[in-house]
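The values are calculated or read from the model by the stated rules, or taken from the named source; none is laboratory data. These numbers come from a predicted model, not from an experiment. All Cβ positions, even for glycine, are placed from backbone atoms using ideal geometry, and neighbour counts span all protein chains on display.
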There are 4 protein chains.
Amino acid sequence: MLGEAQFRSITATFNCQVQWGDCDPAGIIFYPTYFQWMDAACWSFFASVGYTAKRMRAEHLAMPLLSADCQFLYPAEQGDRCEVRSRIGHFGDKSFSVAHEVLREDGFALARGAEKRVWAKFDNGPGTRLRGVRIPDELKALFRGA
Amino acid sequence: MLGEAQFRSITATFNCQVQWGDCDPAGIIFYPTYFQWMDAACWSFFASVGYTAKRMRAEHLAMPLLSADCQFLYPAEQGDRCEVRSRIGHFGDKSFSVAHEVLREDGFALARGAEKRVWAKFDNGPGTRLRGVRIPDELKALFRGA
Amino acid sequence: MLGEAQFRSITATFNCQVQWGDCDPAGIIFYPTYFQWMDAACWSFFASVGYTAKRMRAEHLAMPLLSADCQFLYPAEQGDRCEVRSRIGHFGDKSFSVAHEVLREDGFALARGAEKRVWAKFDNGPGTRLRGVRIPDELKALFRGA
Amino acid sequence: MLGEAQFRSITATFNCQVQWGDCDPAGIIFYPTYFQWMDAACWSFFASVGYTAKRMRAEHLAMPLLSADCQFLYPAEQGDRCEVRSRIGHFGDKSFSVAHEVLREDGFALARGAEKRVWAKFDNGPGTRLRGVRIPDELKALFRGA
């Protein structure tokens, strides 16, 4: 797909831990938790290049989702320390994708997923209509790896 | 305490069910779920007297918390159908309390809790500063029981 | 794919409502909520054919995930009443997929997703190792539509 | 209350951060998140003295709740880095309380709460009946401060 070529992205790391309340009666992680982590990892990724939560709020920016998916490779248990490694999959005009990999402390892969998001602006502050806007080239450049 | 006398309140009912993801590895409900239910029950209570989510948004109103507490009387399990019975504990000038009781379908009491909230208005729409405002007498009247 | 042909499935309906705590600072539903609904809808679907949470527990059965995905078509807001319509996508030997569609009360489609799960048994009760088992033909038959 | 005298407890620290999905349409933390943090902080506290999740599972131990409460002092926002400082409030025969204080990175107090829990054992592994057991003096000693 032209325009959706793989982007040579930097990688960010988000640390997390499986908590008692993240697990279900099978004693393993309840799967929506992975999506909560992926969301938090995405915000953390953007914060790492200067787009902090505070700045996103001030500039009326948000990143609503178009789609999300995840493969669950191995069950995580309470206490497992993990990291989510995130990188940009591609940048489109107004949308982008983020690829996430969840690794256990010992490097064992637990899950692999992706989010497709829109780069969007509130018409008039949080709670008002969100509208997709062009992703600035300067923003894309911040994620470009060596 | 003058002004904090027990309010003769109507009672509202909010239906819910314990889901797989609401339970922890002990196979019983993860306790913050009760607070999620109490919050949802409070919004539902206000909706029942005309203060729907839509209206709250339109009028820039919110109900931030001062405190919350809950006693857990008996463990709920996945599949249990429950109802939260809510009533106003008292109305202050700008704050109020809601008493909640969680009953299982068969009438068995599972939990009993309370929330203390402020009646508040956003300075300029969601995300801006919330400021406590006087609770209108007309609003209090909507909750008065026979 | 042989063995993965579309299954002529009955459809189940799971009712839910977008709560205040399900929404994020953009004022719309936080996307992992859709996966929580899909999970609950799947359990409800199985309960509707006789595999209740109680029975699943008694027979040491669970349905761990292989993957999940969702497309978010339109943002839901607090107060929106929704239903998740679920049907079996296909039955494999030990795994199966469930297709979910989330509709708003007025019939408007909000999201469309799928889960791929394993039919599994605990070696020795909850918390012990889960192992995939053959899906009984009798179970498959319960989901067959007209 | 005899037997419930304030216990001279060590203090543990649990680090956390307010995520996008932890916040509600008012743009501030959704209050059940504090209880999720208190629960995780309690498990972390016990892990810090040797009672890790792994050991708790192996010895069929759990800590079901009798009650929980929290005062919300100041609204937390997305991105705020926080710590929960936990200490034992008192040890009873089979029950105990944990006092938690949530501080923002800059030392500002956001919330103050407590949990009352039972020290309990599963009759026959997770999912089976939980029964309160005497808290061993050796366990209490692990939490005693200077």
Go through the range D:56-87 and report how many residues are in contact with a Phe, Trp or Tyr (Cβ under 9 Å, 6 or more places away or on another chain) and over 20 Å from D:ASP24 (Cα atoms).
16
Kindly check whether there is at least one residue in the range D:94-105 that is within 14 Å of chain A (Cβ to nearest Cβ) and over 26 Å from B:ALA76 (Cβ atoms).
yes
Is it true that A:ALA111 is part of a strand (DSSP E or B), modelled with pLDDT of 95 or more, touching a Cys at 6+ places or on another chain (Cβ under 9 Å) and not aromatic (Phe, Trp, Tyr)?
yes
Report the residue count in the range B:85-98 for those that are in a strand (DSSP E or B) and surrounded by fewer than 21 Cβ atoms within 10 Å (Cβ to Cβ).
6
Considering only residues that are touching a residue at least 12 places away in the same chain (Cβ under 8 Å) and in contact with a Gly (Cβ under 7 Å, 6 or more places away or on another chain), look in the range D:18-28 and name the one that is nearest to the other protein chains (Cβ to nearest Cβ).
D:GLY27
Give me a count of the residues in the range B:72-84 that are surrounded by 17 or more Cβ atoms within 10 Å (Cβ to Cβ) and in a strand (DSSP E or B).
4
So for the range B:58-65 (the condition being within 9 Å of chain D (Cβ to nearest Cβ), within 14 Å of the chain's Cα centre (by Cα), in a helix (DSSP H, G or I) and more than 23 Å from D:CYS42 (Cα to Cα)), does at least one residue qualify?
no
Do we have C:GLN36 as in contact (Cβ under 8 Å) with a residue 24 or more places away in the chain and under 29 Å from A:GLY132 (Cβ atoms) here?
no
If we ask which residues in the range A:66-93 are under 30 Å from D:ALA47 (Cα atoms), more than 14 Å from every other protein chain (Cβ to nearest Cβ) and more than 12 Å from the chain's Cα centre (by Cα), their number turns out to be 1
Got at least one residue in the range C:29-51 being in a strand (DSSP E or B), buried (at least 20 other Cβ atoms within 10 Å of the Cβ) and within 14 Å of chain A (Cβ to nearest Cβ)?
yes
Filter the range A:126-146 down to the residues that are over 20 Å from the mean Cα position of the chain (by Cα) and over 30 Å from B:LEU130 (Cβ atoms) and list them by number.
A:ALA146
Could you tell me whether C:GLU115 is among the acidic types (Asp, Glu) and closer than 30 Å to C:ILE28 by Cα?
yes
Tally of residues being assigned to a strand (DSSP E or B) and modelled with pLDDT of 95 or more across the range A:123-139
2
